[in-house]
Each structure stands twice: as structure tokens, then as C-alpha cells.
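Contents: one structure, followed by commentary.
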Amino acid sequence: MFGTLGRTNRPVGGKLNRRGLAAIALVTVMVVPVVAAQAPAGAATGGVTVTNYTDSTISSPERITAGPDGALWFVNGGSNSIGRVTTSGTVTNFPTPDGATGITAGPDGALWFTDVGHNSIGRLTTSGSVTEFTDPTINMPGEITAGPDGALWFTNQGNNSIGRITTSGSVTNFTDPTIASPASITAGPDGALWFTNFPLFSGGTGTSSIGRITTDGTVTSYPTINPTSAFPAGITAGPDGALWFTLLGSGSPSAVGRITTDGTITYYTGTTGLLIAPGPDGALWFTGLNQNYIGRITTSGSFTSYTDPTMNGTYGITAGPDGAMWFTNYFGNSIGRITPPRPTLVPYGGAVTEGTSGTSQLDITVTLSAPSTQTVTVQWNTVFINGASNVQAIPGTDYTPASGTVTFPPGATSETVPITVLNHDLGMPYKLMVVSFHNPINATPGGYWGLAFGFLVNNSG
């Protein structure tokens, strides 16, 4: 995507800023990096769990993507290589030609990356075999993404264009006057590609904007706010049918933005980030680079910041196959994993009108505050409280006592437990029964001490 910070072997204004965005990040929000102390794996912070993975081959890691093999793949900016880390933390390193920058999983079961050092596009198989494709129109390629047409699309920062490469290596280049130092690119929900224009990279020329390009090359540009001091950086397709992007800069406000496919932009101030990706929890997650945090913003705009001692130059971020977000620590030379906050389990209750005889079923509803990618379980049982009000339903007389386990499959947010009601004249308008929900797995308890209340409504005579 953007250039990187830190490659000192390239002059400013020349082929340096293969890592231009991060370099700009250092200019605009620079603080001298200090290597953070390592925290033990599994350190908890703010309702999430952070794990840090180190290896001698990890060197200034930048972009990261989920691979086709169930592992995470990342660019090592400091060692001209691409790394692979399994969800258990095992790291393998694959040397590449100089200059790998962006990386994505391709439609052909391989990893594709941009090679700014050779003005080429690379293909890396999961076994480590590298192929490079060149073309005269490839000029300082930045970010790369799989397109809706079975090809790969990438940004050319060096000649203000968008490139397309087929899996066989055929390159097409698209230009337009509104394309100005394109940085990040993503496939949109509308069958087009969306990208950020980061003109500060080219000395401030051009318009700070979000661009859209169809697969036949038609370009539309949507200007963004504060074009002289805040520039759109990362961009991704959100779970709500819109595109979400970060704004990076020294001016105010820096923000996370949302743009609909018809070009309507909403800004959420007080949140600044570098790269952004959708999470398994229906929210957007982004990195903070020099702020050393991971940010999370819901589609309604609620922002949370997570910190941990091991976060040191958070850079790339992606959703992993294990229901967690994976990110790179550029300054910390490590790979991080952060679990989304667990949903809250909220018991509600239910009501049933009794019949004159036989039994009825009372369904007690229990919900999750948000869908989870994991299976959530919780134990439950009916409760009788001695000495409580005479409106309390009596087990064996008013209902059959019961217990069990509720299971929420991944994505489910509402379940019920059935209580058998013994129909008869209650002798009063209603009675109340209590169900306790406790010991949730992969969720946090919520509600009124985990209790749900069921109403038995009299309907006799």
C-alpha cells in the first residue's frame, strides 16, 4: 500500500518510499520509537486478549493477510522476505527479491505481492516458489488486492495509475487525472475497486480523495476533508455495504471515514489509524503505528482503543481464520493477535398463558449482544427461592424443574430454553418463575445477575 517507513537505502523523492505512507506517518505524527517490553502471551486488556509472537526472522513486518492455507502471511520490510505464521505461532520465512510491499491472497491459491524495488508484481506459492512479472507501466507499486474479476489490482504510486494483472501475468494499466499517488486498494461490494489518493506522498500535488475504478477502467473521484493536512490512507470493504478508510495527518481532525457506494462520506473524529480491515465481529479494526494501539470502530461509529505492552508500531492488520485479528508490530519485530471482545450474554425471559389442563411450554429467551465466530455455550437451570414472594411459581406444582446447556452456533444471537408448565388454576392473575444462566463459554455474563424471569399467566375458569 503506502511506502514503508524505514528503508534508508532509498533517497527521499526517489524510489525510497516504497513505504511512503509509513514514512509520512513518521513525519506527521512522529515520536521516537522505543522498544516495548515483551508481555506474556495471552495478556488481557480491555475485554480482549493479546498474544505476541516473536522470531529471529521477523524484521520490520508490515502488511499482513490471511493465506489460502489457514496461516497468516506478512511482508518483512527489514529483510526482503515474506513470513508465514500459523495460528499457533510457528513462523517460516521465505526470501524474496528486494522490495516486497503489499500482499494479498490470490484467486489461484498463491500469495501475490508488490515489489517496488524491481517495479514488478510477485507471486509466491505456499511452498515458497517465487515468480516475478514485469511491465513498463508498473511504477512503484504499493498495495494489491484480489478483484471481483479473477485478477489482481494494485496501486502505482510512481506514475499515478491503477494496475491490473491476471494470474498468468498479463498487465493492464489505467490512468485518470484524478488519480494522485494512490495508496491502498480494495474490492468493493459493488463490483468495483476502491482506492485512496494520498497526494502528500508526491509532494502535495493532486487532491486528497477516495477513488473508484470499475473493472473496465472508469474512474470516479470523491474528495475528502482537510486535503492539506489529513490524507486517506487505508481502505477496506465493511460489513455494512460501505467502504471504510483511515485519515492520517498532522491536521485536525484525523478520523476514520465511511463512504457509501454512491459517494456519501461520514467522518468519525478522534480516531486516527493507518491500515484498516473488517473483523469477524462485524466491526472495523485498524492499526495506530506510532500511537501503539489497535482501534476498533463499530458500523454505528463507537470507537474503542486497545493497548498492550507488546504493541510497538502496529502496522498491518487482517482477520485470521481463527476468529481473531492479526497485526504486525513494525518497531517490535513481532506479530500480534488480538481477540475481538466477547459478546455479552443477556437473559430476557418469556410469558405463557396457562391452559385449563395438561401442559404448556414457556420459552425463555436468552441473547448475545453481538454475533460471535465461536460457539457460545451457557448452563441454565430453574431456580426456586425459599421465602420469596407468594407469587413465585412452585416447582412440581406450577412447572417442571429443568436444567441444561444453551448453545449458540457461530453467528447466532438468540436462543430459547423450554420450560414445561403444568396447567391449572393459579389462584391469582400470574406467577413468576426464575431461570439462572451461568458459566458462559466464549461470552461474558450480563443482565440481572444472569437471571431470566418467566411469567405464568392465569387463564382458568
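The values are calculated or read from the model by the stated rules, or taken from the named source; none is laboratory data. Keep in mind it's a predicted model, so treat the numbers as computed, not measured. Glycine gets a Cβ as well: all are built from the backbone with ideal geometry, and neighbour counts include every protein chain shown.
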Any hit, the range 89-105, residues being more than 20 Å from Pro61 (Cβ to Cβ), surrounded by fewer than 19 Cβ atoms within 10 Å (Cβ to Cβ) and in contact (Cβ under 8 Å) with a residue 24 or more places away in the chain: no
Residue within the range 31-44 that is within 18 Å of Gly313 (Cα to Cα) and modelled with pLDDT of 95 or more present: no
Leu289 of a type in the set (A, V, I, L, M, F, W, C) and at positive phi: yes
Single unsatisfied condition, Thr444 versus (1) modelled with pLDDT under 90; (2) surrounded by 15 or more Cβ atoms within 10 Å (Cβ to Cβ); (3) under 17 Å from Arg342 (Cβ atoms): (2)
Single residue of Val435, Val417 found to be of a type in the set (A, V, I, L, M, F, W, C) and without any contact (Cβ under 8 Å) to a residue 60 or more places away in the chain: Val417
Residues (of a type in the set (S, T, N, Q), assigned to a strand (DSSP E or B) and under 30 Å from Gln379 (Cα atoms)) located in the range 323-355: Thr344, Thr353
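Return the residue satisfying two criteria in turn: it lies in the range 290-307 and is in a loop (DSSP other than H, G, I, E, B) and of a type outside the set (Val, Ile, Thr), and of such residues it is nearest to Asp240 (Cα to Cα).
Among residues in the range 290-307 that are in a loop (DSSP other than H, G, I, E, B) and of a type outside the set (Val, Ile, Thr), the one nearest to Asp240 (Cα to Cα) is Ser300.
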Yes/no for Thr310 being part of a loop (DSSP other than H, G, I, E, B), touching a residue at least 60 places away in the same chain (Cβ under 8 Å) and over 25 Å from Pro68 (Cβ atoms): yes
Close pairs (8 angstrom Cβ cut-off, 6 or more residues apart or separate chains): assigned by TED's automatic domain parsing to the domain that holds Pro95 in the range 48-65, among the aromatic types (Phe, Trp, Tyr) and surrounded by fewer than 23 Cβ atoms within 10 Å (Cβ to Cβ) anywhere: Val48/Tyr306; Val50/Tyr306; Ser60/Phe331
Top-ranked residue in the range 107-126 [being modelled with pLDDT of 95 or more, surrounded by fewer than 23 Cβ atoms within 10 Å (Cβ to Cβ) and of a type in the set (Gly, Ala, Ser); ranked as farthest from Ile144 (Cα to Cα)]: Gly109
Conditions (1) closer than 17 Å to Tyr348 by Cα; (2) in a loop (DSSP other than H, G, I, E, B); (3) of a type in the set (Val, Ile, Thr); number of the one not met by Thr373: (1)
Filter pass, Thr215 being crowded, with 23+ Cβ neighbours inside 10 Å, at pLDDT 90 or above and of a type in the set (Ser, Thr, Tyr): no
